[in-house]
1. Using the Kirkwood radius over Cα pairs, work out the Stokes-Einstein diffusion coefficient for the chain at 4 °C and 1.567 mPa s, in µm²/s as a whole number.
2. Along the Cα-to-C-beta direction of Arg166, a point sits 7 Å from the Cα; which residues of the stretch 100-124 have their amide N less than 11 Å from that point?
3. Within the chain, what is the number of lysine pairs with alpha carbons under 13 Å apart, leaving out pairs fewer than eight places apart on the same chain?
4. Rounding to the nearest 20 debye, state how big the charge dipole of the stretch 3-201 is about its Cα centre with +1 on each Lys and Arg Cβ and -1 on each Asp and Glu Cβ.
5. Could you check how much of the accessible area of the chain is carbon and sulfur, as a whole percent, using a 1.4 Å probe?
6. Under 13 Å from a label point 7 Å along Cα→Cβ of Tyr43: give me every residue in the stretch 104-125 with its amide N that close.
7. For the chain, what does -39500 (n - 2.57) per DSSP helix run (n ≥ 4), summed and divided by total residues, give at 222 nm, in deg cm²/dmol to the nearest 500?
8. Please report the net charge: other residues with Cβ closer than 12 Å to the Cβ of Val182, K and R +1, D and E -1.
Amino acid sequence: MKILCIGRNYAEHAAELKNDIPAEPVFFLKPDTALLPPGQAFYLPDFSNDIHHEVELVLRIGKEGKHIQEEFASRYIDGITVGVDFTARDVQQRQKEKGLPWEPAKAFDHSAPVGRIVPFESFLGNDAIHFSLTRNGQEVQRGDSSLMLFPFNRILAHLSRYITLRKGDLIFTGTPKGVGAVAAGDTLEAFLEGESLLRFDVK
Ligand code: ZN
């Protein structure tokens with residue numbers, strides 16, 4: 001399986017990082033080694049001093065799709081959850097300044113903790129799916145899918161023009177405002193419609 005991620009999908013997050021609003025979805029990939037095994041802690045990597053949390057809605061693909069049409073996109077989604085797109089912000093800034101790829105900042109081991117996946121059916125037609133992240137019990141990020149610049153169907157249509165989506169693939173759909181650094185000793189917990197689906201410690 002593979003992990004595809006959308007960048008700059010919330011206007012207020014693009015603004016907080018001083019990025020322009022994109023004309024079409026920005027995407028990048030993480031390898032399956034980016035998953036954090038359930039129950040394990042996230043260890044801060046030694047190549048960064050500024051690891052940021054980005055809480056995101058995550059979609060799971062239920063069947064293979066290429067050139068997916070927007071109106072049929074929901075048929076390709078079988079699960080939804082929340083995840084954290086960990087980002088080495090200092091490394092990303094250096095890469096951006098040099099016009100280099102983001103992988104060192106985005107695709108490293110355990111950079112994609114993903115919560116327990118719930119069926120997508122119950123969210124069909126809900127265009128304001130709420131999610132949030134707490135750090136040590138304090139809410140640090142909150143968003144909902146109505147704030148996305150590119151909704152799920154547009155994301156699937158765009159990605160599948162370039163890359164065949166397969167059963168089991170995960171799509172991170174972008175982060176709302178409020179990204180920030182994590183520190184050793186933190187506990188992060190992510191919620192979908194108020195339900196805790198992901199919790200882990202940072203070491
Ligand atoms: Zn992200």
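1. Result for D is 77 µm²/s.
2. Nothing falls inside the zone, counting backbone N under 11 Å.
3. Lysine pairs, 8 or more places apart or on different chains, close enough: 8.
4. 460
5. Carbon-and-sulfur percentage of accessible area, whole number: 48.
6. Under cut-off, by backbone N: 109-110.
7. -4000 deg cm²/dmol
8. Taking every other residue near Val182 into account, the sum is -1.
The values are calculated or read from the model by the stated rules, or taken from the named source; none is laboratory data. Since this is a predicted model, take the numbers as computed values, not measurements. As a convention, Cβ positions derive from the backbone with ideal geometry for all residues, glycine included, and neighbour counts pool all protein chains shown. Surface accessibility is based on the protein's heavy atoms, side chains included, excluding ligands, DNA and RNA. Shrake-Rupley method; radii C 1.70, N 1.55, O 1.52, S 1.80 Å.
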